[in-house]
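Working notes for the structure below.
The values are calculated or read from the model by the stated rules, or taken from the named source; none is laboratory data. Here the structure is a predicted model, which is why all the values come from computation and not from measurement. Heads up, the Cβs are rebuilt from the backbone with ideal geometry, glycines too, and the neighbour counts pull from every protein chain shown. Each accessible area value is taken on the protein alone, full model and side chains, heavy atoms only, with ligands, DNA and RNA left out. Shrake-Rupley method; radii C 1.70, N 1.55, O 1.52, S 1.80 Å.
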Amino acid sequence: MAADYLKTELTHFDSYEPLVTEIDSLFYSPEKYNEEISMTIDLMRTLSKIQKCSDKIQKAKEKMNIYKPAYIPRLYSENSNPKYDNALAEKESQEALRQKFIEKATNQFSIIKQAVKEESSYEFQGWIVYQKFKALNNAGTMPLFGEYNFICDREFKNCEGYPAKDFETINNFLNALIDSEDADSLFETVLKQATI
């Protein structure tokens with residue numbers, strides 16, 4: 001199963017060599033798990049966009065402070081400064097965009113939270129398979145180690161693979177989402193860490 005999946009992921013699949021394979025039971029619908037992982041990835045991307053907007057807003061404010069028109073009574077009139085005006089327009093534009101992303105992320109949070117609540121189960125549903133392997137790099141010049149996690153049904157017929165590092169990040173985020181009382185508390189925690 002792992003080999004079949006990695007055929008499309010590895011440039012030099014002929015050099016693929018499995019090193020460690022660990023299998024664990026999954027008490028959750030594999031289809032729903034993969035669907036929620038996909039939704040979680042989308043939410044993480046939205047939060048990343050919020051963070052980028054926040055960074056641009058901060059930079060625009062810094063420019064505004066630099067180019068703020070001077071006003072000295074009886075000597076000068078307060079004239080418009082194009083660089084200040086551009087920074088102000090950028091700040092306002094990014095604030096509006098950031099608000100749209102916040103609304104989108106709040107909606108995504110609610111959908112995932114509800115999906116997790118409805119789909120939890122204590123019955124055996126499938127498998128989580130971890131595999132460490134080695135294969136030649138894209139240039140075919142040296143062996144590199146890779147790690148993947150696979151979410152599989154009971155018969156190992158339908159499987160989705162994720163690089164192990166990404167899988168761990170996604171699951172940590174999903175667990176934080178499940179533990180959060182509301183979207184604001186999750187967003188505050190994640191955006192403070194700025195690890196997306």
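What tally of residues in the range 1-32 results from selecting those that are touching a Phe, Trp or Tyr at 6+ places or on another chain (Cβ under 9 Å), closer than 15 Å to Leu136 by Cα and acidic (Asp, Glu)? Spell out the reasoning first.
We begin by selecting, within the range 1-32, every residue touching a Phe, Trp or Tyr at 6+ places or on another chain (Cβ under 9 Å); these are 1-3, 5-7, 9-10, 16-27, 30.
Restricting the remaining residues to those that are closer than 15 Å to Leu136 by Cα gives 3, 6-7, 9-10, 16-19.
Those still in the list that are acidic (Asp, Glu) too: 9, 17.
Residues flagged as touching a Phe, Trp or Tyr at 6+ places or on another chain (Cβ under 9 Å), closer than 15 Å to Leu136 by Cα and acidic (Asp, Glu) within the range 1-32 amount to 2.
Okay, residues lined up against (1) among the acidic types (Asp, Glu); (2) on the phi > 0 side of the Ramachandran plot; (3) at pLDDT below 95; (4) not in a strand (DSSP E or B):
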site	(1), (2), (3), (4)
Ala87	no, no, yes, yes
Glu92	yes, no, no, yes
Glu95	yes, no, no, yes
Gln99	no, no, no, yes
Ile111	no, no, yes, yes
Gln114	no, no, yes, yes
Lys117	no, no, yes, yes
Glu123	yes, no, yes, yes
Ile128	no, no, no, no
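This table checks each residue for (1) touching a Leu at 6+ places or on another chain (Cβ under 7 Å); (2) open to solvent by less than 30 Å² (accessible area, probe 1.4 Å).
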position	(1), (2)
Val116	no, yes
Gly126	yes, yes
Lys132	yes, no
Ala135	yes, yes
Cys152	no, yes
Lys157	no, no
Lys165	no, no
Glu168	no, no
Asp179	no, no
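Based on this model, can you work out whether Phe133 counts as among the aromatic types (Phe, Trp, Tyr), touching a strand residue (DSSP E or B) at 6+ places or on another chain (Cβ under 7 Å) and either without any contact (Cβ under 8 Å) to a residue 40 or more places away in the chain or more than 16 Å from Ser38 (Cα to Cα) (or both)?
Against the criterion (among the aromatic types (Phe, Trp, Tyr), touching a strand residue (DSSP E or B) at 6+ places or on another chain (Cβ under 7 Å) and either without any contact (Cβ under 8 Å) to a residue 40 or more places away in the chain or more than 16 Å from Ser38 (Cα to Cα) (or both)), Phe133 qualifies.
Consider the range 1-53. How many of its residues are among the small types (Gly, Ala, Ser) and closer than 13 Å to Ile170 by Cβ?
Going through the range 1-53, the residues among the small types (Gly, Ala, Ser) turn out to be 2-3, 15, 25, 29, 38, 48.
Filter once more, keeping what is closer than 13 Å to Ile170 by Cβ: 38.
The number of residues fulfilling the criteria is 1.
What pairs come up if the first residue lies in the range 47-69 and is over 14 Å from Ser93 (Cβ atoms) and in a helix (DSSP H, G or I), the second is of a type in the set (D, E, K, R) and open to solvent by 100 Å² or more (accessible area, probe 1.4 Å), and their beta carbons are under 6 Å apart, counting only those six or more places apart or on different chains?
Here the result reads Tyr67/Lys83, each pair linking the range 47-69 to a residue that is of a type in the set (D, E, K, R) and open to solvent by 100 Å² or more (accessible area, probe 1.4 Å).
Considering each residue of the range 149-182, count those that are among the β-branched types (Val, Ile, Thr), in a helix (DSSP H, G or I) and closer than 27 Å to Thr8 by Cα, and give that number. Before the answer, list the steps.
Start the filter on the range 149-182 by keeping residues that are among the β-branched types (Val, Ile, Thr), which leaves 151, 169-170, 178.
Subset that is in a helix (DSSP H, G or I): 169-170, 178.
Next cut, closer than 27 Å to Thr8 by Cα only: 169-170.
Here the count works out to 2.
For the range 7-42, how many residues meet the condition of being modelled with pLDDT of 95 or more and buried (at least 19 other Cβ atoms within 10 Å of the Cβ)?
The qualifying residues number 0.
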